[in-house]
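Visitor: Take a look at the following structure, please.
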Amino acid sequence: MNIPVRRATPRDAAAFAKIMADPLVYGNLLQMPMPNEELWHARLSESTAPGKPDLLLCAELDGEVVGTSGLHPAGAQLRRRHAMMLGISVAPSAQRRGVGSALMAAMCDYADRWAGALRLS
């Protein structure tokens, strides 16, 4: 199955908030429970601004965002520039359908070919 993966935009805030609000999702992440759309709109606006090194992606099934991922610099220190932190979330209804694999492949491709990352955590 071909799962479309694209860059996230602030317009995806409601989808991010919905996925992250699910107890089956946030319990396995470093996110806090009970996110809201405004919080995600602010995060997406900041992270997608020109010049930001972050990569935020969405995966869609039937035109609905069912998975999200982020690739973020581990730090600005000279000795950490090669490392990036990675996170993935998939809506329970879309789990075990290849969404996480599609997001991981897109992020690893970006890290290898464009970001110069040597380590993902």
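None of the figures in this text is laboratory data; all of them are computed from the coordinates on show. For clarity, every value in this text was computed on a predicted model and none was experimentally measured. Counting neighbours? That spans all protein chains shown, and the Cβs are built from the backbone with ideal geometry, glycine included.
Visitor: For Ser93 and Glu64, calculate 0.36 nm times their separation in residues minus their Cα-Cα distance, and state this gained length in nm to one decimal.
Guide: Working: separation 29, 0.36 × 29 = 10.44 nm, distance 1.14 nm.
Answer, rounded to one decimal: 9.3 nm.
Visitor: Can you give the extra length, in nm with one decimal, that the chain gains between Ala21 and Asn2 once fully stretched, where that is 0.36 nm per residue apart less the Cα-Cα distance? Each step should come with its number before you reach the end.
Guide: On the way: separation 19, 0.36 × 19 = 6.84 nm, distance 2.63 nm.
Gain on extension, Ala21 to Asn2, equals 4.2 nm.
Visitor: About its Cα centre, what dipole magnitude does the chain give when the only charges are +1 on Lys and Arg Cβ and -1 on Asp and Glu Cβ, stated in debye to the nearest 20? Don't skip to the answer; put the middle values down first.
Guide: Values: 13 positive and 11 negative charges, 107 e Å.
Roughly 520 debye, rounded to the nearest 20.
Visitor: Could you tell me which label, among [x] 32; [y] 41; [z] 24, carries the value of percent of Cα pairs over 22 Å apart calculated for this structure?
Guide: Only one listed value fits the structure, namely [x].
Visitor: If we count other beta carbons within 10 Å of each Cβ, what is the order of Met104, Met34, Met20, fewest first?
Guide: Numbers: Met104 15, Met34 10, Met20 21.
So the ranking, lowest neighbour count to highest, is Met34, Met104, Met20.
Visitor: Identify the residues of the range 50-86 with backbone N under 15 Å of a label point that sits 7 angstrom from the Cα of Glu37 along the Cα-to-Cβ direction, or state none.
Guide: Counting only backbone N, you get 65.
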